[in-house]
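Notes follow the structure.
A short reminder: the numbers here are calculations on the coordinates, not readings from a lab. Everything numeric in this text was worked out from a predicted model, so none of it was measured. Note: ideal-geometry Cβ built from the backbone for every residue, glycine included; neighbour counts use all protein chains shown.
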């Protein structure tokens with residue numbers, strides 16, 4: 001295990017730092033209220049990566065019946081290329097497996113080649129396209145799936 005950081009459950013106290021990263025990472029950021037709601041959602045699990053007391057990244061996953069859906073993954077620019085995104089993805093997969101999901105889905109922008117490469121390294125593969133999914137620029141979303149059985 002990496003000694004510089006650890007992954008834990010997100011709490012309401014983390015939201016100021018999560019919102020900072022959210023606005024840095026996404027052109028269509030979620031609201032603080034959205035995260036407050038997600039923290040109370042029984043289908044959802046949200047994680048943060050704590051790097052020496054600072055939130056370096058976060059991820060969310062929904063598990064409904066046999067399907068898991070990664071809702072978001074983001075790493076602060078300051079902490080990229082240190083394995084944090086990978087660690088968050090591995091932890092979300094553990095949650096999905098523990099809740100007996102048989103597959104995980106996520107959407108990613110075709111322009112986000114760094115994320116696509118990471119997902120492919122974790123055995124996700126492209127299974128579809130959501131046309132004009134992103135409302136800020138009309139970009140499609142690639143649907144990527146990982147089978148867990």
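Within region 86-108, the residues that satisfy the criterion of being touching a helix residue (DSSP H, G or I) at 6+ places or on another chain (Cβ under 8 Å) and under 18 Å from residue 143 (Cα atoms) are 89, 104, 106, 108. Restricted to region 27-55, and to residues there that are surrounded by 14 or more Cβ atoms within 10 Å (Cβ to Cβ), within 25 Å of residue 135 (Cβ to Cβ) and touching a residue at least 12 places away in the same chain (Cβ under 8 Å), the residue that is nearest to the chain's Cα centre (by Cα) is 46.
Exactly one residue among 58, 134, 119 is in contact with a strand residue (DSSP E or B) (Cβ under 9 Å, 6 or more places away or on another chain), within 20 Å of residue 12 (Cα to Cα) and surrounded by 16 or more Cβ atoms within 10 Å (Cβ to Cβ), and that residue is 58.
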